[in-house]
Structures are given as C-alpha cells and as structure tokens.
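To keep things clear, I will list the structure first and then write my remarks on it.
The values are calculated or read from the model by the stated rules, or taken from the named source; none is laboratory data. What you see is a predicted model, and the numbers here were worked out from it, not measured in a lab. Cβ atoms come from the backbone with ideal geometry, glycine included; neighbour counts cover every protein chain shown. The protein model used for the area step is the full one, side chains on, heavy atoms only, and it has no ligands, DNA or RNA in it. Shrake-Rupley method; radii C 1.70, N 1.55, O 1.52, S 1.80 Å.
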Amino acid sequence: STHRSTTDPDALLYRKAKGQETQPRYIGQDTIDLKSRVILATGMYPARTSSEKKAALEHLDRIRDRFALEITILCADKLYGSTAMLKETEKRAVTLHAPLIAGENPESLPVYQRASPKLGLLRRRKEKIHDITLRNKQRQVQQTMAFSRSQRLRIRIEHIFAEAKEHHGLG
C-alpha cells in the first residue's frame, strides 16, 4: 500500500465526507447523555463507517453493565438509521431516534401467493416482514414530539465534539 502510516500502521485510510482528503485515521466515538451533556463512554475505533454503529452498540452495552443505567432512547444522525441498527436497538429495548435511511414513505407488507415448505425461504420471508415492520414503526417514531425534541437537542452534543477538536487536539 502506498498510503500506510509509518508512525501508526493500524490507522486505516478514510475520508469522513465528500471533498475531504483520504488519510490514515481512526474514528472517535462518544456516547453522551443528551440532557446533562455528560460523556458516558468514549473510544477510538478503526476508520470504517461500520465502526461507528458497532461502537455505539458496544457503548450502550458498556454503559448498562458498568453504570447499571437503563437507556431507553439512542439519539443519532442518519448514518445510524439502518435496518440493522434498528434490529440491534430493538434487541436492547432501546428506541432509536435517528432519521431512517430507507426514506419517509411507509412500506407495504409483502403478500405471498404460495406457502412454502422450505424452512430457509420461510425464515427469509419472516425476516423481511419483520424488517419492514421495524422500518414502518421507526417512521411512526419520527413523527413524535420526543423525536423532534431529541433531534433539536443533538446540536448541544455537536458543541462537545467541536470543543474536543478545537481545544483538546482530537481533530
């Protein structure tokens, strides 16, 4: 590889946004209480988009285990609004307050013409119905006042990230 860091070979090439230069990086992940703005968990992870979602879930589990806090809502940006993230937060009994990547329009449940004796096909059909149901439920969550409020409060969290970058060398 022509772009390997000589000082930190574990750093991966990554570009956070379009127009940004690709550089060897890590991703910093903070989980912060929205009301108090207290950082509950933090860490550095390999620079992959999937690392952010995985880290957020690890943080949820760590916060529950270490502090015995019951987290009921996870507020995040659109990056976290995937079906896979919805499934993981559902397992943890957490409501995800993140815009859905799949869009705003409700989806119809599929209607199958024939029953199938194949277990694999039945499992896939059941999973597809579950996924659509989860996304439609998320669309309903996005219409609530609580969702709107948490999305507005996220701006307060961005100030913490800006301070870390500007004053503490975490840019």
- Query: Any residue at all in segment 19-42 that is of a type in the set (A, V, I, L, M, F, W, C), part of a helix (DSSP H, G or I) and at pLDDT 85 or above?
  - Reply: no
- Among the residues of segment 140-162, is there at least one that is of a type in the set (D, E, K, R), within 18 Å of MET85 (Cα to Cα) and part of a helix (DSSP H, G or I)? no
- segment 65-93: number of residues that are surrounded by fewer than 19 Cβ atoms within 10 Å (Cβ to Cβ) and aliphatic (A, V, I, L, M): 6
- Message: When you check LYS54 against the structure, is it part of a loop (DSSP other than H, G, I, E, B) and either modelled with pLDDT of 80 or more or of a type in the set (A, V, I, L, M) (or both), yes or no?
- Response: no
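Condition check ((1) of a type in the set (A, V, I, L, M, F, W, C); (2) under 30 Å from ASP131 (Cβ atoms); (3) without any contact (Cβ under 8 Å) to a residue 12 or more places away in the chain; (4) in contact with a strand residue (DSSP E or B) (Cβ under 9 Å, 6 or more places away or on another chain)) across all residues:
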{"site": "TYR14", "(1), (2), (3), (4)": "no, yes, no, yes"}
{"site": "GLY19", "(1), (2), (3), (4)": "no, no, yes, no"}
{"site": "GLY28", "(1), (2), (3), (4)": "no, no, no, yes"}
{"site": "VAL38", "(1), (2), (3), (4)": "yes, no, yes, yes"}
- Within segment 141-171, considering residues that are polar (S, T, N, Q) and under 18 Å from the mean Cα position of the chain (by Cα), the one surrounded by the most Cβ atoms within 10 Å (Cβ to Cβ): SER150
- Filter pass, LEU100 being assigned to a loop (DSSP other than H, G, I, E, B), buried (at least 18 other Cβ atoms within 10 Å of the Cβ) and either within 18 Å of the chain's Cα centre (by Cα) or in contact (Cβ under 8 Å) with a residue 12 or more places away in the chain (or both): yes
- Flagged in segment 50-107 as hydrophobic (A, V, I, L, M, F, W, C) and on the phi > 0 side of the Ramachandran plot, in numbering order, are ALA68, ALA93
- Selection from segment 18-35 of residues at negative phi and open to solvent by 80 Å² or more (accessible area, probe 1.4 Å) yields LYS18, GLU21, TYR26, LYS35
